[in-house]
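Everything below concerns the one structure shown next.
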Amino acid sequence: MTSGPPLRPEARPGFYARRLAGPGAVLAPMAGYSDAPLRQLAAEQGALWTVSEMISARGLVLGGDTDKLTLGRPYPGEQGRVVQLFGAEPEILAQAVARAEGWFAPAALDLNMGCPVPKVRGRGGACLLQTPEVAFALVRAMREATALDVSAKIRLGWDEDRSVEVAQGLAEAGAALITVHGRTSAQRYTGEADWEAIARVAASVPVPVVGSGDVTSAAQARARLRSGVAAVMVGRGAVGNPWLFRALAGGQEEEPGAAERARTALRHAELHVAFYGPDRFGLLSVRPLRKVLPRYLPAHPELRDALVQVDTLEDVRRALAPVLAPPAGDPACVQGPQAAAAGAEYAVRHR
Ligand SMILES: Cc1cc2nc3c(=O)[nH]c(=O)nc-3n(C[C@H](O)[C@H](O)[C@H](O)COP(=O)(O)O)c2cc1C
């Protein structure tokens with residue numbers, strides 16, 4: 001435990017306080033998903049902030065090849081992106097913070113205390129819930145290494161709920177914000193997130209708490225806000241649905257139509273190719289998006305087979321063609337009544 005008086009976060013108003021002054025929701029860190037293209041789409045729709053996939057502090061400090069570190073690299077002009085680090089050694093975390101700050105221009109730094117995957121556990125992640133004093137030392141070391149806000153993302157505990165005690169220690173160590181995923185590490189992703197437990201944490205620490213777990217709609221997010229959290233974080237529910245951020249930021253409530261969904265799926269693929277460039281075979285591959293693209297069009301199961309087999313941008317275009325809007329004023333491109341309806345809808349929405 002730390003000694004001395006608790007650090008008052010309001011003594012150093014930072015990124016989180018500024019962003020929390022407005023409405024909206026946060027894009028969750030998700031390894032394999034919350035990469036630059038997904039973050040860009042969420043940010044454009046008004047996400048309060050986004051969080052990178054977790055990055056190994058050791059890898060950052062000892063690896064050293066910036067070109068390959070697409071995990072942390074921002075897209076051109078990216079702002080409001082928090083970089084999440086995992087690790088268990090204060091000196092390494094401090095050095096990783098300095099590297100991340102120099103290389104990735106983060107808005108704030110977050111400590112991963114929730115990942116239950118064994119290879120991460122051995123060096124940090126949810127393991128830190130069993131040895132919270134180590135996590136407190138990590139937060140102190142990270143704070144000393146940067147003037148940016150430092151936060152932590154926890155689960156409720158390892159196999160039982162210790163979240164209040166852990167969160168209080170983190171706040172005392174200087175965390176400017178704490179995100180709580182309402183499950184224990186032992187639960188992984190089973191059962192339901194416990195929002196009452198999240199509410200208890202929010203009521204017992206002097207810093208903002210962001211709640212995470214099972215939010216898939218704007219209505220649900222609003223209901224969860226009533227638990228006293230400063231904001232709601234959305235992970236799986238935001239994959240293929242960046243419009244959730246638009247609704248929660250106070251923008252358009254209306255659900256997008258098929259044409260807008262298809263255009264955004266295509267844009268996701270275009271951003272992917274632009275960000276990652278050619279793969280090791282020299283191909284502009286969109287294969288990693290096979291798991292993502294069908295989620296843009298849940299009402300169109302007939303597109304699924306083609307979308308889960310895409311290799312190139314052209315494949316994506318072809319797979320989406322039945323629902324993509326034709327260019328305005330080009331009726332020759334309209335194929336059948338479905339495409340005509342999609343085109344009309346697009347014209348109305350974008351006038
Ligand atoms: C595929 C996947 C990858 C994740 N990766 C991370 C991660 O890198 N860091 C982290 O703190 N949480 C990670 N999480 C947890 C999410 O941030 C979030 O807390 C959890 O999924 C519950 O929220 P949801 O129901 O809105 O998805 C991941 C979750 C999923 C499903």
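What is the packing order of peptides 269-275, 300-306, 238-244, taking the mean over residues of other C-beta atoms within 10 Å and listing the highest first? List each step's numbers first, then the result.
Details: 269-275: 18.7, 300-306: 14.0, 238-244: 23.9.
The densest-packed peptide leads the list: 238-244, 269-275, 300-306.
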Give the long-range amide H neighbours of D149: residues separated by 5 or more places, or on another chain, with amide H under 5 Å away, using H modelled in the peptide plane at 1.01 Å from N. F15, L109
Skipping prolines and chain starts, which residues have an amide H placed within reach, meaning under 5 Å, of the one on V51, given they are 5 or more residues away or on another chain? L27, V82
Between segment 169-196 and segment 214-253, the Cα center-to-center distance that results, in Å: 18 Å
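What does the extension gain come out to for Q252 and E302, with contour length at 0.36 nm per residue minus their alpha carbon separation?
15.2 nm
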The ³J(HN,Hα) series, computed from each phi in segment 30-42 with the Karplus coefficients 6.51, -1.76 and 1.60 at θ = phi - 60°, rounded to the nearest Hz and given as x for glycine or proline, is 9, 4, x, 9, 7, 7, 4, x, 5, 5, 5, 5, 5
For segment 277-304 and segment 79-113, compute the distance between their C-alpha centroids and round to whole Å. 30 Å
If I take every Cα pair under 8 Å that is 6 or more residues apart in segment 9-248, average their sequence separation and divide by the length, what percent do I get for the relative contact order? 19 percent
Ranked F245, F104, criterion: other C-beta atoms within 10 Å, fewest first: F104, F245
Work out from phi, with θ = phi - 60° and the Karplus expression 6.51 cos²θ - 1.76 cosθ + 1.60, the ³J(HN,Hα) of each residue of segment 53-58, listed in order in whole Hz, and give x for Gly and Pro. 4, 5, 10, 5, 5, 4
Taking amide H positions as placed 1.01 Å from N in the peptide plane, with prolines and chain starts having none, which residues 5 or more places from R155, or on another chain, fall under 5 Å of its amide H? H181
Residue-wise HN-Hα coupling along segment 19-28, computed from phi with Karplus coefficients 6.51, -1.76, 1.60 (Hz; x: Gly, Pro): 5, 6, 6, x, x, x, 10, 10, 7, 5
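With Cβ to Cβ distances under 13 Å as the rule, what net charge do the other residues near R304 carry (K, R +1; D, E -1)?
My count for the surroundings of R304 gives +1.
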Mean Cβ neighbour count within 10 Å, used as a protection proxy, ranking 29-37, 310-318, 136-144 highest first: 136-144, 29-37, 310-318
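Given the convex hull of the Cα atoms of the chain, what is a quarter of its surface area in nm²? Walk me through the numbers on the way to the answer.
Values: hull surface 72.5 nm².
Dividing the Cα hull surface by four gives the mean projection, 18.1 nm².
Each value in this text was obtained by applying a stated rule to the coordinates, not by laboratory testing. A quick note: this is a predicted structure, and the numbers were derived from the prediction, not measured. Cβ sites come from the backbone with ideal geometry, for glycine too, and all protein chains shown count toward neighbours.
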